[in-house]
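Taking it in order: structure first as C-alpha cells, then the write-up.
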Amino acid sequence: MIDLRSDTLTRPTPAMRRAMADAEVGDDVWGEDPTVRELEEETAGLLGKEAALYVPSGHMANQLGLYVSVRSGEEVWAHEHHHLIGNEQGATVVLARAFPRLYSEGIFPTDELLESWIAGRDDVHRAEPALVWLENTFTGRVVPLPEQRRVTGFAHRHGLRAHLDGARLWNASTALEATPAEVAEGFDTVSVCFSKGLGAPVGSALAGDADSVSRARRGRKLLGGGMRQAGVIAAGALYALRHHRERMVEDHERAAELARMINEMSGLTALARTNMVLVQAPGGQGSRYAEAFARHGVAGVGIGDAVRLVVHLEITDDDIDRAARGVAKAAADL
Ligand SMILES: *Cc1c(COP(=O)(O)O)cnc(C)c1O
C-alpha cells in the first residue's frame, strides 16, 4: 500500500532518532530544558518573531493564538474551512468562547468583505471584532503574500490582531520561494507544525512578540500542556527544522508529477497544490473513489468531491509511479 492519506504519517528517521536519544534535557515547566529552549529560539528566529513556545499539537498552538488575542464573546474572522473552525472540535467556542464570523468564498477575505464586517463594529448588537485569521497553505493552496499583507494591514489599521495558522507554512515558504519570516510577516501570532511535512514525531509552536508568547506559556499550562523533559521530542523537531525544510521542494515536485501522471493515465482529473494532489470525484463521490484507490494499493482520503493524496518525505519516485498506476487501474473500475 502506498500511503498518501496525510503528511502526519511520517516516522522519525534514524538520524532524527539519534538526535532525540542524545538530547540534553531538563524540566521544561521550570524553563530548564535546553533543547526545548533551542528549538523555541530557532523557530522564533526563522519566523522573524521575538519568541516561540513549543506545544504538543497544532490544535493547541491555534487555541493559544485565540487565548492571547480574543476575549470571551469577541469575534474571530475566519474561513468556514479553516482548521480552526472545522477540525478543532469547536474549541473556538468551548475554550476561547470566541464568536466566529465566517466567509466561505476564496481563500482570503476581500476588501469588500472586510469593510462590510468592520462597518457595524460599534453597533451594540454586535460582538466586538478582535482577530483576523488566515491559513497558509490552506488545504495545499498558497495564499499570496500581498494578499496576506493587505489583510494584516487592514486588521492593524482597525485595531484588530492577526493570526496565521501556518501548520504548513514551510510548504508555503517553499512554494513562494520566500523565507519563513517573509511568510509570517505582519502577523501578531503564527502557529507552525513540526509533525507534518517536516517529519518530526510530535509538536508545534506558537510564535509572536515576547508578551504574547509569555501569556501563551501560561495558557499552555492552563490547558494541561506543560511538558517536563520535552527535549526528547523537541530534538526531533529541531532536527526536522534543520534538515527537512529544504527537501520539501521534492514533495512539491513529486505531487506535481503524480497529478500529471494521473491526468495522463487514468482519465480522471487531478490537481497538484504544494504537497497535495486532489483527484476530482464529482457528485460527492470522494469516499467511493478513495475505496477504489485503496483496492489498488493507494491510500488517500475522500473529502466531498475529491480524493486527497498527500506527498511527504517517506514517498519516493517509485511510489509516485506505482500510485499513478494504481489510480489508473482503479479508474477503470469506477
Ligand atoms: C494539522 C493542522 C493543524 C493541527 O495540527 P495538530 O498537530 O494535528 O493538532 C492546524 N491547522 C492546520 C491548517 C493543519 O493542517
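FYI, it's all coordinate maths here, none of it is from the lab. Keep in mind that what you see is a predicted model, and the values were worked out from it rather than measured. FYI the Cβ positions are ideal-geometry reconstructions off the backbone, even for glycines, and counts take in every protein chain you see.
The single residue among GLN89, GLN63 that is within 11 Å of the ligand (Cβ to nearest atom), surrounded by 14 or more Cβ atoms within 10 Å (Cβ to Cβ) and over 30 Å from ALA259 (Cβ atoms) turns out to be GLN63.
From the list VAL70, VAL29, VAL36, the one residue that fits, being out of contact with any strand residue (DSSP E or B) (no Cβ under 6 Å at 6 or more places or on another chain) and of a type in the set (Val, Ile, Thr), is VAL29. Could you pull out the residue among SER104, SER69 that is under 20 Å from GLN148 (Cα atoms), surrounded by fewer than 16 Cβ atoms within 10 Å (Cβ to Cβ) and not aliphatic (A, V, I, L, M)? Sole residue among the options that is under 20 Å from GLN148 (Cα atoms), surrounded by fewer than 16 Cβ atoms within 10 Å (Cβ to Cβ) and not aliphatic (A, V, I, L, M): SER104.
The set of residues in region 222-238 being of a type in the set (A, V, I, L, M) and assigned to a helix (DSSP H, G or I) consists of LEU222, VAL232, ILE233, ALA234, ALA235, ALA237, LEU238. A Cβ distance below 8 Å, combined with a sequence gap of six or more or placement on separate chains, defines the contacts here; from region 126-145, residues that are among the acidic types (Asp, Glu) reach residues that are part of a strand (DSSP E or B) in the pairs GLU128/GLU75; GLU135/HIS79; GLU135/LEU164; GLU135/ASP165; GLU135/GLY166.
Taken over region 94-149, the criterion of being within 27 Å of MET60 (Cα to Cα), charged (D, E, K, R) and away from the ligand (no atom under 16 Å from the Cβ) is satisfied by ARG97, ARG101, GLU105, GLU128, GLU147, ARG149.
Scanning region 293-307 for residues that are assigned to a strand (DSSP E or B) and over 20 Å from PRO282 (Cβ atoms) turns up just one, ALA299. Taking the criterion of being more than 16 Å from the ligand (Cβ to nearest atom) and either over 15 Å from VAL202 (Cα atoms) or not aliphatic (A, V, I, L, M) (or both), the residues of region 4-22 that qualify are THR13, PRO14, ALA15, ARG17, ARG18, ASP22.
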